[in-house]
Amino acid sequence: MTDDTTGKDGETPLEPFPVHRPESPFPPLYESLPPPPEDPPSDWIETADAHDLPTRDNALTALGRFAFPPAPPLDDEGVAARDRRWTSRAIFTIAAFLMVFNAVSPLNWSRQQAPGWVQGTVEQLSEVWVAQLAVFGVDMPRQGLREMWTAARDARFIGQAPVRDTGSTPG
């Protein structure tokens, strides 16, 4: 077995690497395509600029600009007031969403507190609120998620001991 890794001059040949070949086995694409058709004659004026052409607004748009002119830009106080209005609306919307779709949370919170006037009032109000919303079925998505979570938590492998009750309040 011979190992001929050196060339004639004692150098290692670069044979496994690609070698530059000046001629390509593929002909250039432009030689095989027909020439493009000539542009048809046009009445386009090379020196014309489309932005120089007169434009006419719709009559309704012109009337709207006349009747309701654009407001001046807001100053810093106006921007701050707009931001406060947006934030207030967002907080109110989120609070309303949570009061409807997560109404049982104040009830669970009140059950975990020490007995007192505030705890009793919150618990009674929450029980009534939860009962009223249950009539409309608003609590069903939350109950479904809680049941899925409980089933996943209680799942065990074959031969594994069952889950012992943690004693948490039922949702």
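The values are calculated or read from the model by the stated rules, or taken from the named source; none is laboratory data. Note that the structure is predicted; figures quoted are calculated from it, not measured. For neighbour counting, all protein chains shown are included, and Cβ atoms are generated from backbone atoms with ideal geometry for every residue, glycine included. Please note that ligands, DNA and RNA were not included when accessible areas were found on the heavy atoms of the full protein model with its side chains. Shrake-Rupley method; radii C 1.70, N 1.55, O 1.52, S 1.80 Å.
Miscellaneous remarks
- With all protein chains modelled, accessible area of LEU98 [1.4 Å, Å²]: 90
- Just so you know, the Cα atoms of the stretch 25-99 work out to an Rg and Dmax of 29.3, 74 Å.
- Solvent exposure of ARG111, expressed as accessible area, is near 110 Å², computed with a probe of 1.4 Å over the protein chains only.
- Accessible-area ranking of MET99, MET148, largest first, probe 1.4 Å: MET148, MET99
- Solvent-accessible surface of protein heavy atoms, probed at 1.4 angstrom with all chains present, puts PHE101, PHE66 in the order PHE66, PHE101, largest first.
- Packing-based ranking of 136-142, 34-40 yields 136-142, 34-40, ordered from highest to lowest mean Cβ neighbour count within 10 Å.
- Using the alpha-carbon positions of the stretch 83-171, Rg (one decimal) and Dmax (whole number) come out as 17.3, 59 Å.
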